[in-house]
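A quick write-up on the structure given underneath.
The values are calculated or read from the model by the stated rules, or taken from the named source; none is laboratory data. In this text, all values refer to a predicted model and were calculated from it rather than measured experimentally. Here Cβ is always computed from backbone atoms with ideal geometry, including for glycine, and neighbour counts include all displayed protein chains. The protein model used for the area step is the full one, side chains on, heavy atoms only, and it has no ligands, DNA or RNA in it. Shrake-Rupley method; radii C 1.70, N 1.55, O 1.52, S 1.80 Å.
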Amino acid sequence: MNNKASLFHQKAKIYEEYRPDYPLNTVKLLEEKAYLKKGSVIAEIGCGTGKFTDLLLDEGYQVAAVEPDHSMSAILESKHLQSDLRIYNCFAEQTPFEDHQFNAIISAQSFHFFHTESVRNEFFRILKKDGDIVVLWYLFDTNLDISNHIQNLFIKYGDLQNQPRRHDTKAETVYKCFSGCQISNDDSYKYRIQYSKDKFLKNMLSSSYAPNKTSVLYSHFLEDFTNLYTAYSDNGIISCEYKLDVYHIRNQ
């Protein structure tokens with residue numbers, strides 16, 4: 001993650017409250033595909049506020065959660081004070097774990113922030129032989145006009161804030177990182193979330209590309225958001241289609 005971790009430093013609370021949740025059966029889906037084995041000891045790398053961690057803990061997994069941003073990990077910790085969850089404020093590329101410590105490594109919604117060559121070495125260092133690596137994102141369904149409008153809005157404000165553009169797609173980061181490995185991919189699970197205007201705005205503002213309220217760009221972002229909302233809302237509701245994009249690598 002390196003300096004990219006700071007992109008969410010002022011967004012932890014709004015991220016936790018308004019970013020989409022994963023479908024409740026996501027862990028079950030991973031188990032059914034044998035991407036994840038029941039009882040695995042898991043390192044979750046780039047856990048953020050713990051939206052996926054919550055699901056793993058609910059299913060009884062033992063989790064060591066890695067998150068470099070203290071404001072994000074503090075929210076995760078506050079949700080699980082009575083659990084045996086272990087949280088480590090460090091970077092994905094350099095963790096404090098022992099060699100071959102974990103049955104599985106999971107990265108949910110964060111892998112594109114990692115340095116691919118360094119994180120590959122680190123993942124295979126801490127993963128047991130025959131262990132599983134699962135990388136997943138929820139993504140907008142790009143077959144829909146609203147999804148492309150949202151993505152273009154984020155690109156616009158990322159550029160205006162001089163944020164570096166990602167040259168690789170999320171899929172390309174996985175295939176580049178694990179070149180030479182057998183990679184399985186499944187993006188068949190789709191779901192819809194409906195938003196009121198206020199919740200949709202806060203969902204948008206939780207993105208690393210969206211300007212903070214103190215930014216001179218904020219009023220311009222609000223204007224563009226209002227135009228988007230007006231164009232695509234139906235009776236005050238915005239519907240967004242998402243898909244789970246899941247990649248699995250086994251350490252053979």
Taking only the C-alpha atoms, wrap a convex hull around the range 75-137 and report its volume per residue in Å³ as a whole number.
-> 103 Å³
Can you bin the range 40-104 into rounded, prolate or oblate? Criterion: square roots of the alpha carbon gyration tensor eigenvalues sorted a ≥ b ≥ c, rounded for a/c under 1.5, prolate for a/b above b/c, oblate for the rest.
-> oblate
Compare HIS80, HIS220, HIS167 by solvent-accessible area with a 1.4 Å probe and give them largest first, with all protein chains kept in place.
-> HIS167, HIS220, HIS80
Would you list SER107, SER184 from the most to the least accessible area, probe 1.4 Å?
-> SER184, SER107
How about LYS13: which lysines have a C-alpha closer than 21 Å to its C-alpha, ignoring those fewer than 8 places off in the same chain?
-> LYS4, LYS51, LYS79, LYS197, LYS199, LYS202, LYS213
When only the heavy atoms of the protein chains count and the probe is 1.4 Å, how do GLU122, GLU59 rank by accessible area, highest first?
-> GLU59, GLU122
Using a 1.4 angstrom probe and counting only protein chains, how large is the accessible area of GLU241 in Å², to 10?
-> 40 Å²
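Would you tally the net charge around THR116, using a Cβ to Cβ cut-off of less than 10 Å, leaving THR116 out, and scoring K and R as +1, D and E as -1?
-2
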Kyte-Doolittle mean at least -0.5 and Cα axial length at least 24 Å: DSSP H helices in the chain | none
Counting helices only, and only those DSSP H runs with n ≥ 4, report the 222 nm mean residue ellipticity of the chain as the sum of -39,500 (n - 2.57) divided by its residues, in deg cm²/dmol to the nearest 500.
-> -10500 deg cm²/dmol
Debye log10 I(q)/I(0) at q = 0.13 Å⁻¹ for the range 127-252, Cα point scatterers | -0.66
To the nearest 10 square angstrom, how much accessible area does LYS128 have with a 1.4 angstrom probe?
-> 80 Å²
Counting Lys and Arg as +1 and Asp and Glu as -1, what is the net charge of the other residues whose Cβ lies under 12 Å from the Cβ of GLN252?
-> +1
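Restricting to bridges with both residues inside the range 40-191, how much of the DSSP beta-bridge set is antiparallel, in percent to the nearest 5? Let's see the in-between values first.
On the way: 1 of 18 bridges.
In the range 40-191, DSSP labels about 5 percent of beta bridges as antiparallel.
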Treating cross-link reach as a plain straight distance, find the aspartates and glutamates whose alpha-carbon is under 18 Å from the alpha-carbon of LYS38, omitting any fewer than eight places away in the same chain.
-> ASP54, ASP58, GLU59, ASP84, ASP130, ASP132
Given N residues in the range 1-144, what is Rg(Cα) / (2.2 N^0.38 Å)?
-> 0.99
Roughly what % of Cα-Cα distances in the range 177-239 sit above 16 Å, to the whole percent?
-> 59 percent
